[in-house]
Amino acid sequence: MQTYDLAIPTLPCRFISVTVAFYKRLGFEGGAHEFNREYAILRRGTVELHFFTHMDLVPAESSAGCYIRVLDVESTYHSFLSSRLPRTGIPRMDALEDRPWGLREFAVVDPDGNLLRIGQIIQP
């Protein structure tokens, strides 16, 4: 039973099957919803992402995304490295960096142009 508030991003995708396959490469579990095959629910630990089908989506023009705050960004980054995503284009994964605003983070852009920033607060 959940004992805390929770926000779950709902992101667009062109094809549920492609989205599910991409996120499984990143260690997510789940898939298309059993009652609506045009919707997917994917989880990785306590992180949950939902996806809905949007056939007119243009990945290079997408402005959808979310921020995922994690406790150990280093291990998440190294886990995602196994997916062998390129550093440029769509999809891609950016390098892990310390940002001047006090976060250590990296970004993943999925095949539909959704931007996921993943980071943790840098302790002083």
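The values are calculated or read from the model by the stated rules, or taken from the named source; none is laboratory data. Since the structure is predicted, the reported quantities are computational estimates derived from the model, not experimental observations. Heads up, the Cβs are rebuilt from the backbone with ideal geometry, glycines too, and the neighbour counts pull from every protein chain shown. The accessibility values were calculated without ligands, DNA or RNA, using every heavy atom of the protein model including side chains. Shrake-Rupley method; radii C 1.70, N 1.55, O 1.52, S 1.80 Å.
General observations
- In region 64-94, the residue that is surrounded by the fewest Cβ atoms within 10 Å (Cβ to Cβ) out of those that are of a type in the set (S, T, N, Q) and modelled with pLDDT of 95 or more is THR88.
- Each residue in region 19-49 was checked for being open to solvent by 70 Å² or more (accessible area, probe 1.4 Å) and either of a type outside the set (S, T, N, Q) or within 17 Å of LEU115 (Cα to Cα) (or both), and 9 pass.
- Neighbours by Cβ (under 8 Å, 6+ apart or cross-chain): first from region 33-62, within 11 Å of PHE15 (Cβ to Cβ); second of a type in the set (Ser, Thr, Tyr): GLU38/THR53; ALA40/THR19; PHE51/THR10; PHE51/THR19; PHE51/TYR39; THR53/TYR39
- Criterion: surrounded by fewer than 17 Cβ atoms within 10 Å (Cβ to Cβ), touching a Phe, Trp or Tyr at 6+ places or on another chain (Cβ under 6 Å) and assigned to a strand (DSSP E or B) - qualifying residue of PHE52, PHE106: PHE52
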